[in-house]
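Notes to accompany the following structure.
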Amino acid sequence: MDDRVVIKLDNTAKNRLNKGRDNITIINEQVLGKLENFQPAEEKIKMTVEEAKEFEELKSRISSARIYMVLFSIINNCTQFPALYKFQANDINQFNLAKAWVNPSLIEVSEPEKYEIKIGRQYLQLNKSNVFLLASELGIVSLRTELTLDEVKEAEKQLGIQGLQAKWHEAAKEETK
């Protein structure tokens with residue numbers, strides 16, 4: 001296969017090419033590099049550790065399946081693949097799952113974001129028994145807990161308090177400032 005290169009031409013050389021003359025001289029200084037060096041890198045698909053584990057398990061079970069079968073398997077086995085279930089939610093998530101299915105090297109495993117949730121003068125806590133509670137700040141830093149969005153959703157269910165997810169998103173915005 002021939003190499004394809006990107007070159008920089010002056011106006012005279014451009015005009016010659018535009019007029020159908022293909023016999024122009026190119027010197028090394030005009031060669032900017034190979035075409036593949038100018039291709040944008042494919043964007044990584046972020047997955048949590050749990051999502052990546054479930055992805056690998058599913059891939060080992062049905063590695064040659066078409067993407068609609070992959071989505072069908074996730075939907076019909078949502079208790080087996082709860083972390084991957086979010087990928088069926090919309091077209092963008094489905095597209096990202098399809099890209100990862102075809103090219104697993106695009107997967108970038110990362111920890112989920114965690115933020116401290118403060119409500120007035122209290123902090124949302126997760127104790128050692130996996131029970132959520134609101135604790136007052138008594139100057140003890142160890143009372144503070146950073147929580148993932150999924151943990152905050154569970155806290156809303158356990159405590160029967162709405163709006164904790166909004167507080168989580170507010171904390172995320174504050175941290176990125």
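The values are calculated or read from the model by the stated rules, or taken from the named source; none is laboratory data. If you're wondering where the values come from, they're calculated on a predicted model, not measured in any experiment. Don't worry about glycine lacking a Cβ; one is built from the backbone with ideal geometry, like all the others, and counts go over all protein chains shown.
Applying the selection to the range 58-80, what residues are in contact with a Leu (Cβ under 9 Å, 6 or more places away or on another chain), part of a helix (DSSP H, G or I) and not hydroxyl-bearing (Ser, Thr, Tyr)? Hits for the range 58-80 are Leu58, Ile67, Val70, Leu71, Ile74. Checked against (1) out of contact with any strand residue (DSSP E or B) (no Cβ under 9 Å at 6 or more places or on another chain); (2) at negative phi, Asn130 meets all criteria but (2). Restricting attention to the range 21-42, does a residue exist that is on the phi > 0 side of the Ramachandran plot and without any contact (Cβ under 8 Å) to a residue 24 or more places away in the chain? No, the range 21-42 has no match at all. Hey, any hits in the range 148-155 for a residue that's surrounded by 11 or more Cβ atoms within 10 Å (Cβ to Cβ), in the same structural domain as Val49 (by TED's automatic domain parsing) and more than 16 Å from Thr48 (Cα to Cα)? No: the range 148-155 contains no residue that is surrounded by 11 or more Cβ atoms within 10 Å (Cβ to Cβ), in the same structural domain as Val49 (by TED's automatic domain parsing) and more than 16 Å from Thr48 (Cα to Cα). When the residues of the range 114-146 are filtered to those that are modelled with pLDDT under 85 and of a type in the set (D, E, K, R), the one that is nearest to Glu175 (Cα to Cα) is Arg144.
Scanning the range 3-53 for residues that are assigned to a loop (DSSP other than H, G, I, E, B) and under 33 Å from the mean Cα position of the chain (by Cα), we see that the one that is nearest to Pro82 (Cα to Cα) is Thr48. The range 91-175 holds no strands (runs of 3 or more DSSP E) entirely within its bounds that carry 1 or more residues that are among the hydrophobic types (A, V, I, L, M, F, W, C) and in contact with a Gly (Cβ under 7 Å, 6 or more places away or on another chain). Can you tell me which residue within the range 151-177, out of those that are of a type in the set (D, E, K, R) and at pLDDT 85 or above, is farthest from Glu116 (Cα to Cα)? Taking the candidates together, the pick is Lys157. Of all residues in the range 114-132, those that are free of Cβ contacts under 8 Å to residues at least 24 places away in the same chain and within 13 Å of Ala155 (Cα to Cα) have Cβ atoms under 9 Å from Cβ atoms of residues that are loosely packed, with under 12 Cβ neighbours inside 10 Å and among the polar types (S, T, N, Q), 6 or more apart or on another chain, in Tyr123/Ser136. Among the residues of the range 156-169, those that are surrounded by 14 or more Cβ atoms within 10 Å (Cβ to Cβ) and of a type in the set (D, E, K, R) comprise Glu156, Lys167.
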